[in-house]
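Q: The structure is given below, and queries will be raised subsequently.
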Amino acid sequence: MNTAALELRRHERHNVLCAVTLAPEGQAHEGYILDLSPGGARVDLTSGWTPMHGATLRLLFEDPAADDPDCEAIALDTQVAWVATDHVGLQFSPAQDAVIARLLAAAGALH
């Protein structure tokens, strides 16, 4: 295992499996969060679409456990940090701490 790569990470990663929508420029693409941290997420892409490195994307997560039917989806601004064959790494844009905490809780990524 490459420990040097792990040492570069600032946040602990949590394995999750949550359906999300990525919305670049008004288009919607479905995917699944595979792992999540306060700094970003690794998302599996299901539609065959691959975003460009550095692209800005809106991540939308409908919390199925929300008690309030009027509760809005969790929406985060992200930037594509890296691209692989069938998944991407997203970095959360700054100044979204409250929304990130809400996503971590809703996705079950908190201990």
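The values are calculated or read from the model by the stated rules, or taken from the named source; none is laboratory data. Since we're looking at a predicted model, the values are computed, not measured. Accessible surface areas use protein heavy atoms only, side chains included; no ligands, DNA or RNA. Shrake-Rupley method; radii C 1.70, N 1.55, O 1.52, S 1.80 Å.
Q: Could you do me a favour and compute the accessible area per residue for the chain, 1.4 Å probe, result in Å²?
A: 61
Q: Now for a different question. Give the shape of the chain as rounded, prolate or oblate, defined through the alpha-carbon gyration tensor: a ≥ b ≥ c are the square roots of its eigenvalues, a/c under 1.5 means rounded, and otherwise the shape is prolate if a/b is larger than b/c and oblate if not.
A: It is oblate, given that a/c is not under 1.5 and a/b is not larger than b/c.
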